Amino acid sequence: MELDRRNFIKFVAGGVGGTLLSPLPWKLIDDIAIWTQNWSWVPTPARGKISHIDTVCTLCSGACGITVRKVGDRVVKIEGREDYPVNRGGICPLGMAGQQILYNEGIRWKAPMKRLGPRGSNRWKEISWIEAIDTVSTRIRGVRQSGNPEQVAAIDGNQSRSSVALLIRRLLETVGSPNYLVMPGQEHTSAMVQLLMQGSDGPVALDLENADFVLSFGCGLLDGWGAPGRMMHTWGEWVSRGPKERTFVVQIDPRASDTAMKADLWLAPLPGTEAALALGIAHVLVKEKLYHKEFIEGHSLGFDDWTGQKGITHRGFSSLVLEKYAPRDVENITGVKAELIIRVARKFAAARAPIAVAGRGKGLLPGGLYEHMAVHALNALRGRINKRGGALVAGNLPLSDWPEAERDSAARDGLERTRVDGAGTPHYPFARSLIHRFSESIRTGSPIDTLFICSANPIHTVPDSRGIEEALKAVPFIVSLSPFKDETSLMADMILPDHTHLEKMTDIVWPTGIQYPLYALSRPVVRPIYGTRHSGDVIISLAKKIGGSVARSFPWKNFEEAVKQRAKGLYDAGGGESSPEGSVPVWKRLAKGQSQSKGHSSFQSLWEDIKTSGCWYIPSHSFGRWTEAFQTPSGKFEFYSSAIEAAVKNSSKGGSLDTTLQELGIRARGDEVYMPHYEKPGSGADKGYPLHLLPIELINLASGWIGNPPFLNKTLFDYQLKGSDLFIEMNPKTAAEYGLSEGSRIILRSRRGELRARTHLFDGAMPGVVFIPVGLGHTAYDRYLKGKGANPYEIIERVEDPLSGQPIWWNTRVKVVKI
């Protein structure tokens, strides 16, 4: 066969797991070899002993196992580990290019730095770690002594359950600030859905490998979603099965992504109408009685019309979908043909082990709460909760709790004060963090004196990035713990640089979407190249220097000691495995609970094994358990969310419920408010901005806080990035309406701002929509990344999702001006 881009992807996805899936044509290999010879920071590796070290990639929360090849002390290659339970050899392009992140001195801070010139001037003075820790700790002591400890804040991009994240939260708690913020993403939306419908605060666990029908609402399964290495291997497993066992994949996406092109069926709804499509499928399941009768009748609340304790009759979910979401009505909303909706619903119902999943791209973009609830309702209708191949109810890992943090009177007073972002208040009852509200509050006068920024680059990676930048200008003192010279760290007053991922120990607690309990632990494969320090050690040092109750709450000598104390709970719980995966993958062993553990005579023995293997896991799950699975007020899966009802009524506080719903941004009324439904977005029908703008994520383009390695920039096609020109995707019919052709130069303008780009005509782009890659347009880093392309977040408008408060990314309208 011809080895073009499409056949290359087909060959890799259908082959043996562990092969890199990438849109990289083979002809680029020689180009890259020549190109990299011009990089001053890539010396020829010295001759020396060849060695291999197994560890875990922590560039995202997927926690894929990797093997690092070294020549002497230098890393020369990174590959996926075939014996690691998460990815079994799979590795994404970013993980494979990790050594460029390590060795590119042009993007890294080499020592603590103090700003000299105006903010953003990039004028710095190198200082000692002693001076850096003393300066920051003195600042925090001063804020506490002034009686305003809540004016210390942090923006954290670490995995929420990781030890680094818990240390940062603990520091703010002991100082006395409630203003700990995290970067927005799908993880938080999914957690809200589990809380509202299942009463669970455990991790999201999806048994995708055992599914025979996958209904994906926007998840970039082959575009970097979840644990990318896992998904590449899993896709290969799906397509390698025989005709009767092969997993059928339906991808729902307004654009022909790599996932959509490889799926068995691609549905392209209008942007923002995915909830209506899910409810249209639910309509068919209910109308044709294709739902799981035992689960619905015995373990769910709110499916049928019902009468509450006060004698009030409530509308049920079945009545709602039968009345409002008939396939023909949904066709008018989504543009997806009614016949296709019916076909998908029946195929979903006929499958032995179907699962419906919701998300966007790589999972870095948050989704709508009601939309995610609508998708998860499909799993409930078919009884796919806690079933093999379904969405599993998971508890937390048995890690030991640290000693309770000590709060002095200053800390207690500060923690009683309202969060700057309003998360957790009656207006945002389920939000844990709202970075947009945080920046908006600062711009309008809410005082924050000292801000820590950890593993995050919000100036570049959050919609309305210019608003974030303006907010940071109003913060008197910013401390960045980034190892990189990114846009946000350049705004800092003090740099306390972290190691890169290959230079340090990091834990990831239950990697994204994994269906069984797993604790991942990376280890350093090289000694730190520069004068950097582990951010965990920095937080502990700061706490000790602040003194008093803050210092007493951090009894550990270093980060590893703190991690080790948590990990002891794994030994105390008994069971589990810490050895590499055997010949039978974990997902095949779940139902039988087979264990290959050798057992450990002491915790120290287990700890050494975990450090070597990089993991501890339990290869079992109690499938079919429903009676005790749900922790909602009703003890059942709730189509009608008691938590939403209580929150809305609390927000109204005896006033007008209609007014409250308007303030919350909810358009629905009555019982529909408390159930999955389609919230029609604001029309955005400004005649001056006729097109939708949708950001897209590519697997070979880093779109998080880490900049794209130069190797991956070279893998972008010249219709994605050429020189410094960014290309946007448009349907040829839409382009023709504006007199545009391939490569036309344009200005893309929204009400928020404008950027320059060129056009790529793509039949897989929905007419009336402009698709723009995320991850380019940097104004920082080095010459290989700075000034390449444009950043769509500069012109994307901030629209809040009802109840969750998360930024909605699909409601920006733009116009195109040909240059």
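The values are calculated or read from the model by the stated rules, or taken from the named source; none is laboratory data. Keep in mind the model is a prediction, meaning the values are calculated, not measured. Cβ sites come from the backbone with ideal geometry, for glycine too, and all protein chains shown count toward neighbours. Just so you know, the surface numbers come from the protein's heavy atoms only, side chains and all, with ligands and any DNA or RNA stripped out. Shrake-Rupley method; radii C 1.70, N 1.55, O 1.52, S 1.80 Å.
Rounded to whole Å, give me the distance from the Cα center of region 81-125 to that of region 253-296. Region 81-125 and region 253-296 have Cα centres separated by 39 Å. Beta bridges assigned by DSSP with both partners in the chain are antiparallel in approximately 55 percent of cases.
Each residue of region 519-534 was assigned a 3J(HN,Hα) from its phi angle through the Karplus curve 6.51 cos²θ - 1.76 cosθ + 1.60 (θ = phi - 60°); the sequence is 10, 9, 9, 8, 9, x, 9, 9, 6, x, 6, 10, x, 9, 9, 4 Hz, with glycine and proline shown as x.
Applying both filters, DSSP loop and at most 16 other Cβ atoms within 10 Å, to the chymotrypsin sites (Phe, Trp or Tyr not before Pro) of region 503-594 gives TYR530. Here region 370-391 and region 663-683 have alpha carbon centers that stand 21 Å from each other. Estimated at the nearest 10 Å², the accessible area of HIS233 is 40 Å² with a 1.4 Å probe. Among the chymotrypsin sites (Phe, Trp or Tyr not before Pro) in region 94-187, none is located in a DSSP loop while being surrounded by at most 16 other Cβ atoms within 10 Å of its own Cβ. Here the 3J(HN,Hα) profile of region 788-796, calculated from phi with Karplus coefficients 6.51, -1.76 and 1.60 at θ = phi - 60°, is 8, x, 9, 9, x, 5, 6, 10, 6 Hz, Gly and Pro shown as x. Hydrodynamic analysis of region 84-163 uses the Kirkwood radius over alpha carbon pairs. Inserted into Stokes-Einstein at 4 °C and 1.567 mPa s, it gives a translational diffusion coefficient of 76 µm²/s. Close amide H contacts of SER744 (hydrogens built in the peptide plane, cut-off under 5 Å, sequence separation of 5 or more or a different chain): THR759.
Our analysis of region 570-713 gives Rg over Rh at 1.16, with the two radii drawn from alpha carbon positions and Rh computed by the Kirkwood formula. In whole percent, how big is the carbon plus sulfur part of the accessible area of the chain, probe 1.4 Å, protein atoms only? Percent of accessible area from carbon and sulfur atoms in the chain: 49. The value of relative contact order for the chain, using C-alpha pairs under 8 Å at least six residues apart, is 17 percent. Of the GluC sites (Glu not before Pro) in region 350-430, the ones in a loop by DSSP (not H, G, I, E or B) with at most 11 other beta carbons within 10 Å are GLU404, GLU416. For ALA353, the residues whose modelled amide H falls within less than 5 Å of its own, excluding neighbours fewer than 5 places apart on the same chain, are ASP212, PHE213. Descending by average beta-carbon neighbour count within 10 Å, the peptides 504-517, 342-355, 190-203 line up as 504-517, 190-203, 342-355, the highest first. Each pair of Cα atoms in the chain enters the Kirkwood radius, and Stokes-Einstein at 37 °C and 0.692 mPa s then converts it into a translational diffusion coefficient of 120 µm²/s. Among the aspartates and glutamates, which have Cα under 18 Å from the Cα of LYS337 when same-chain residues fewer than 8 positions away are ignored? Counting by Cα, and skipping residues close in sequence, LYS337 has these aspartates and glutamates nearby: ASP253, ASP264, GLU274, ASP329. Under 16 Å of direct C-alpha separation, and excluding same-chain neighbours fewer than eight residues apart, LYS544 reaches these lysines: LYS557. Round to the nearest 10 and report in Å² the accessible area of VAL769, as given by a 1.4 Å probe over the protein chains' heavy atoms. Here the residue's solvent-accessible area equals roughly 0 Å².
Amide H to amide H distances under 5 Å link LYS504 with VAL525, where only residues 5 or more positions off or on other chains count and H is placed in the peptide plane.
Calculated from the alpha-carbon coordinates, region 50-103 shows an Rg and a Dmax of 10.4, 29 Å respectively.
For region 184-243, the pair-distance distribution built from all alpha carbon pairs, in bins 5 Å wide starting at 0, is 4, 15, 22, 24, 18, 10, 5, 2, 0 percent. Relative to its residue count, region 273-392 spans a Cα convex hull of 125 Å³ per residue. Against the compact-protein benchmark of 2.2 N^0.38 Å, the Cα-based radius of gyration of region 609-656 scales to 2.06. Which of the residue pairs LYS77/LYS786; LYS77/LYS714; LYS568/LYS611 have a Cα-Cα distance greater than 23 Å in the structure shown? LYS77/LYS786, as the Cα separations exceed 23 Å there. Derived scalar couplings between HN and Hα for region 365-376 equal 9, x, x, x, 5, 5, 5, 5, 5, 5, 5, 5 Hz in order, rounded to whole Hz, by the Karplus curve 6.51 cos²θ - 1.76 cosθ + 1.60 (θ = phi - 60°), x for Gly and Pro. Relative contact order of region 691-818: 35 percent, from C-alpha pairs under 8 Å at least 6 residues apart in sequence.
Ignoring aspartates and glutamates fewer than eight residues from LYS114 along the same chain, the ones with Cα atoms less than 14 angstrom from its Cα are GLU126, GLU131, ASP134, ASP493.
Quick note on region 226-329: its Rg to Rh ratio, both from C-alpha atoms and Rh being the Kirkwood radius, is 1.09. Between the residues ILE66, VAL76, HIS52, the greatest Cα displacement towards the positive end of the dipole of region 50-103, with unit charges on the Cβ of Lys, Arg, Asp and Glu, is found for VAL76. The per residue volume of the convex hull around the alpha-carbon atoms of region 691-818 is 110 Å³. Estimated purely from DSSP H runs of n ≥ 4, each contributing -39500 (n - 2.57), the mean residue ellipticity at 222 nm for the chain is -9000 deg cm²/dmol once divided by its residues.
Computed over protein heavy atoms with a 1.4 Å probe, the accessible surface of region 50-103 works out to 29 Å² per residue.
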